[in-house]
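Reading through the structure tokens given below for one structure.
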Amino acid sequence: MELIRKMPEKNTIKRRGILKGLVAGAAAVVTAPIVYVAARFLGYVSKGDSSNTSATVAFSDLTPDKPSKLIQINDEPIIVVREKDDQIRAFTATCTHLGCTVSYRPQVPDFYCKCHQGRYDVNGVNVPGTRPKLPLTELTVVDKGTDLIIQLTPKAKS
Ligand code: FES
């Protein structure tokens with residue numbers, strides 16, 4: 001009789017343990033994305049204070065057959081484009097919709113995001129009717145002859 005009374009207590013303790021585990025798991029599932037986004041944001045903010053703010057690209061890397069190159073500065077994807085008139089331009093390559101990396105399509109020409117078919121014109125301006133609602137940022141390019149210095153600062157308006 002004594003044994004029969006203790007069995008329910010053990011089961012109750014087991015159930016409480018399982019319930020605590022489920023609650024802890026659910027809490028982790030809910031808070032993990034918030035912590036991730038906060039960490040990404042803080043990482044992004046701190047990027048401006050440290051390390052590289054520019055990168056070098058050889059002019060010869062951009063050919064009429066392959067007129068764009070994807071580079072990274074501080075983990076930020078940047079797309080460098082050689083236009084038909086040999087003008088070199090650089091843009092942030094992070095889609096302003098949900099953050100995928102855009103590519104350059106010389107045959108159109110435009111910038112294209114394959115995640116949700118987002119489009120930007122050659123000036124990085126988001127095409128109306130597609131998902132992105134903000135333009136890409138054009139960056140400063142300093143021409144050093146055979147090399148191009150791509151700076152992580154917006155191009156000055158002319
Ligand atoms: S992330 Fe680029 S269109 Fe949605």
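A few remarks follow.
- The set of residues in segment 109-125 being surrounded by fewer than 16 Cβ atoms within 10 Å (Cβ to Cβ), of a type in the set (D, E, K, R) and within 9 Å of the ligand (Cβ to nearest atom) consists of 114 alone.
- Test: residue 35 is under 21 Å from the mean Cα position of the chain (by Cα), buried (at least 18 other Cβ atoms within 10 Å of the Cβ) and either farther than 30 Å from residue 146 by Cβ or modelled with pLDDT of 95 or more (or both): no
- Taken over segment 129-145, residues that are modelled with pLDDT of 95 or more and assigned to a loop (DSSP other than H, G, I, E, B) amount to 9.
- Residues of segment 64-76 satisfying the condition of being open to solvent by less than 40 Å² (accessible area, probe 1.4 Å) and free of Cβ contacts under 8 Å to residues at least 40 places away in the same chain: 67, 68
- Whichever residue in segment 85-108 is touching a Phe, Trp or Tyr at 6+ places or on another chain (Cβ under 7 Å) and more than 21 Å from residue 149 (Cβ to Cβ) and, among such residues, is nearest to the ligand (Cβ to nearest atom): 102
- Here residue 153 meets each of (1) of a type outside the set (Lys, Arg); (2) part of a loop (DSSP other than H, G, I, E, B); (3) open to solvent by 50 Å² or more (accessible area, probe 1.4 Å) with one exception, condition (2).
- Residue selected from segment 126-150 under the condition open to solvent by 50 Å² or more (accessible area, probe 1.4 Å) and charged (D, E, K, R), by the criterion nearest to residue 63 (Cα to Cα): 147
- Of all the criteria given as (1) more than 18 Å from the chain's Cα centre (by Cα); (2) part of a strand (DSSP E or B); (3) free of Cβ contacts under 8 Å to residues at least 60 places away in the same chain, the one not satisfied by residue 79 is (1).
The values are calculated or read from the model by the stated rules, or taken from the named source; none is laboratory data. Since we're looking at a predicted model, the values are computed, not measured. When we count neighbours, we look across all protein chains shown, and the Cβ atoms used for this are built from the backbone with ideal geometry, even at glycine. Ligands, DNA and RNA are stripped out before the accessible areas are found, and what is left, the full protein with its side chains, is counted by its heavy atoms. Shrake-Rupley method; radii C 1.70, N 1.55, O 1.52, S 1.80 Å.
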